[in-house]
Amino acid sequence: MSEAVKYVLEASELHKWFGNVHAVNNVSLKLSRGEILSIVGPNGAGKTTLLNLLSGIVKPDKGRVYVYLNGDRKDITGRSPYYITFLGVGRSFQIPNIFDGLTVRDNIRLSILTYRRLINRFNRAYSSFNDVEEEVEKIIEIFSLEDSEYRYGRELSHGERKKLDIALSFAQQPNILLLDEPTSGLTYSEKLEMVELIRSLRREREVSFIVVEHDLDVVREVSDMLMVMHEGSVLAYDEPDEVVKMSEVISAYLGGEVI
Ligand SMILES: Nc1ncnc2c1ncn2[C@@H]1O[C@H](COP(=O)(O)OP(=O)(O)O)[C@@H](O)[C@H]1O
Ligand SMILES: [Mg+2]
């Protein structure tokens, strides 16, 4: 596979300062098609800021971000989150970003309508939205949200909210999903379900993932590549087995904080 076809996203020497805090310090990465890259590290390591830099929510002080489109590398540094979403980079949030006053179905429908730029066309015949309804059904099925489809966002359990948040990004047809702590606060069985969901989206839709996690155990098995961050810097970036070999050194260095 040629380089340009293989890769989907690249970051080169990213830096972000918040005042004196060097939140992201010289981070580079390359994500391949269908790859699951997990990023672990203690609180304050810079994981969320890195996802914000990749998705355009925060602008880097230095460094570049690229997506690969039809074999061409496109510089998206400093572009808006809205533009970056349309280039196929989806994003979920540590605190689920859903509408509490809408049902699960309506949340999903709204995400699809927004992505398709149909939101200002409600004066059209309802029948012209049939394919949107089919898409809503498909998303509900993929995310196993049948039990909660007519419930309001505010009535959902924490696990259902996390799942819906990812479903809303997925409804916008991403090639790449950036997930911020998708398993935090979930029960053990919900964690397994989330890992299986990520695997199936990769397998069936060829979605590539960057998954930010607190807990190395959750991601060790599912990841193709693993990055360990601490105080904004990359301590390790390799295949999981290699990183785990280094883990004793890393955890000694961090006083057991990460692993
Ligand atoms: N918007 C912000 N303004 C000021 N400081 C921030 C902001 N976002 C993050 N930080 C700081 O940057 C560092 C990295 O934070 P963050 O990326 O949230 O880490 P993580 O997600 O790994 O816990 C922390 O010291 C945090 O306090
Ligand atoms: Mg975070």
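Quick note: the coordinates plus some simple rules give every number you see, no bench work behind them. Quick caveat: nothing in here was measured; it's all calculated off a predicted structure. Heads up, the Cβs are rebuilt from the backbone with ideal geometry, glycines too, and the neighbour counts pull from every protein chain shown.
Hydrophobic long helices, here whole DSSP H runs in the chain with Kyte-Doolittle means of at least 0.0 and Cα atoms spread over 15 Å or more along the helix axis, are found at 104-115, 240-254. In loop segments of region 141-239 as defined by DSSP, the trypsin sites (Lys or Arg not before Pro) with at most 16 further C-beta atoms inside 10 Å of their C-beta are ARG151. Summing Cβ point charges (Lys, Arg +1; Asp, Glu -1) relative to the Cα centre of the chain gives a dipole of roughly 1160 debye. From largest to smallest, the equivalent ellipsoid semi-axes obtained for the chain from the alpha-carbon gyration tensor read 31, 21, 17 Å. For the chain, a Gaussian network of Cα nodes joined below 10 Å ranks ASP106, ASP224, ASP131 by mean-square fluctuation, and the top entry is ASP131. Taking amide H as placed 1.01 Å from N in the peptide plane, the amide H of ILE36 sits under 5 Å from that of PHE209, ASP224, MET225, each at least 5 places away or on another chain. Can you give the % of DSSP beta bridges in region 32-179 that are antiparallel, to the nearest 5? Roughly 60 percent of the beta bridges in region 32-179 run antiparallel, per DSSP.
Whole-Hz Karplus values for region 23-34 come out as 5, 10, 10, 6, 9, 10, 7, 9, 10, 8, 4, x Hz, taken residue by residue from phi with 6.51 cos²θ - 1.76 cosθ + 1.60 and θ = phi - 60°; glycine and proline positions read x.
Here's the picture: charge each Lys and Arg Cβ at +1 and each Asp and Glu Cβ at -1 in the chain, and of ILE98, LEU186, VAL243 the one pushed furthest to the positive end of that dipole is ILE98. Across the options THR49, GLY63, LEU197, the greatest Cα extent toward the positive end of the charge dipole of the chain (unit charges at beta carbon of Lys, Arg, Asp, Glu) belongs to GLY63. For the cross-link pairs LYS138/LYS245; LYS191/LYS245; LYS59/LYS162; LYS62/LYS138; LYS47/LYS74; LYS59/LYS138, the ones whose C-alpha atoms lie over 31 Å apart are LYS138/LYS245; LYS62/LYS138; LYS59/LYS138. Counting only DSSP beta bridges with both residues in the chain, the antiparallel share comes to about 60 percent.
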